[in-house]
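The values are calculated or read from the model by the stated rules, or taken from the named source; none is laboratory data. Since the structure is predicted, the reported quantities are computational estimates derived from the model, not experimental observations. Positions of Cβ are generated from backbone atoms using ideal geometry, with glycine treated the same way; all protein chains shown enter the neighbour counts. SASA here: full protein model, heavy atoms, side chains in, ligands and nucleic acids out. Shrake-Rupley method; radii C 1.70, N 1.55, O 1.52, S 1.80 Å.
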Amino acid sequence: MQEDFEVTPWDVEGNVDYRKLVEKFGTKIITDELKKEMKKHAGGDHMYLRRNYFFSHRDLDRVLEDHSKDDGFFLYTGIGPSGPMHIGHIIPFYFSKWLQKKFDVNLYIQVTDDERYWTGDGTTGEIDSYAEQNIMDIAAVGLDPDRTFVFKNKEYMGNMYEAAVKISEKINFSVASSVFGFNSSTNIGMIFYPAVQMIPTFFEKKRCLIPAAIDQDTYWRAQRDIAEKLGYHKAAQIHSKFIPALTGPEGKMSSSKPRSAIMLDDSPEEVRKKVMEKAYSGGQITKEEHRKKGADLSVDVAYQWLKNLFMEDDDRLEEIGRRYNSGEMLTGEIKKILVEKLNNFLEEHRKRKEENGEELKRKMMYEGELAERMWNRKIDLDQ
Ligand code: TYM
């Protein structure tokens, strides 16, 4: 297995050592104490936190402080429409739903149709169509339609451009190129783009909390360098790990490799086939050997997915882990459990999408309370 790894907003390579990544990025591990605080303020805990899937943060303690002082905070997350969404993409939205509900806060969702054109992920027509499909999936999550604003950058830019002008003036090319790795062949859209991804962190004068995987962190480091100069808070983050591709623990699941990803529109049979045939196993090659040596849980994709995302029941997870690790349970059995969990999750998701996806989409984009307010306002950082 590769020792080295690299994490950028566009790609994740190798076997990520999350402890090292936290050091490299200068973020903080979410300690047990902070988890307790979260639980206290939220009035309950969330499995993603309990299992350390969301594992790192910046200023989450301050967010909780603001919340307890009634200063409040707001949430911001996003999606780059580069294809149909996979399981990894939707998780931050489900986690945001929980945060929104528990803390009763606004949530802004940026759909980066500009970024994905500049990164070459499709023609304008393709990206527009991915954006619409992605927003339907976001609608299926069940966010509060009056406290969520979903916007496409190209469409909403008229309201944001003043802010983009101010933010981009604060970032010079030397900083941008060293932070984002730009070079002389990078198109200048991409060089401007970091300013665009930062704009929503300034939508309110409160502290902004961003739930996302840690790949997006580069933007927030750059935001934190300039926020106070603009009279705003440094953005806070709560970072997740990456869901690995089915085929192995390295890198991340990606829609550019749909066969090793579980897509939100995969049929139950496709899910079954993908998991049974492709999911990387930590078990031994022969049954006899497996019974003797057991499975390596740390690299077993089906077990890791259950642990991080789909097996709510702590006791059941513990039992599965113990029995699989000792060789009593076989890979096929673990995979079957995952298939069932995944298909239940996807079925619920699709049901909500069919039942009221269109209506929720319209509300979150244009007609809900927050959306209406946002369309009636220009984002000008001087206000
Ligand atoms: P994008 O489309 O690459 O990813 C969307 C969200 O999904 C997370 N993610 C994953 N999480 C776990 N496992 C994976 N395999 C995986 N792949 C993607 C990402 O961290 C992200 O939260 N530039 C952004 C769009 C954006 C954005 C934001 C994202 C604009 N503003 C604010 C987060 C927060 C992008 O292209 O994301």
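Residue check: GLU115 meets all listed conditions (1) more than 17 Å from the chain's Cα centre (by Cα); (2) within 14 Å of the ligand (Cβ to nearest atom) but one, namely (1). When MET160 is tested against (1) outside any helix (DSSP H, G or I); (2) closer than 20 Å to ALA371 by Cβ, just one condition goes unmet, and that condition is (1). In summary, strands (runs of 3 or more DSSP E) completely within the range 6-111 and bearing 1 or more residues that are assigned by TED's automatic domain parsing to the domain that holds PHE202, surrounded by 20 or more Cβ atoms within 10 Å (Cβ to Cβ) and in contact with a Ser or Thr (Cβ under 6 Å, 6 or more places away or on another chain) occur at 54-58, 73-79, 107-111. Could you grab the pairs with beta carbons closer than 6 Å, sequence gap of 6+ or different chains, first residue in the range 86-97 and closer than 15 Å to GLN237 by Cβ, second one polar (S, T, N, Q) and near the ligand (Cβ under 8 Å from one of its atoms)? Going by the 6 Å Cβ cut-off, the qualifying pairs are PRO92/THR77; SER96/THR77.
Here's the yes/no breakdown for (1) in contact with a Gly (Cβ under 8 Å, 6 or more places away or on another chain); (2) crowded, with 19+ Cβ neighbours inside 10 Å; (3) farther than 26 Å from ASP11 by Cα:
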| residue | (1), (2), (3) |
| --- | --- |
| ALA140 | yes, yes, yes |
| THR148 | yes, yes, yes |
| VAL165 | no, no, yes |
| ASN172 | no, no, no |
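Across the range 235-275, the number of residues qualifying as hydroxyl-bearing (Ser, Thr, Tyr) and either more than 15 Å from the ligand (Cβ to nearest atom) or open to solvent by less than 10 Å² (accessible area, probe 1.4 Å) (or both) comes to 2.
Taking the criterion of being exposed (fewer than 12 other Cβ atoms within 10 Å of the Cβ) and over 20 Å from PRO268 (Cα atoms), would at least one residue in the range 291-308 satisfy it? The answer is yes, given that some residue of the range 291-308 is exposed (fewer than 12 other Cβ atoms within 10 Å of the Cβ) and over 20 Å from PRO268 (Cα atoms).
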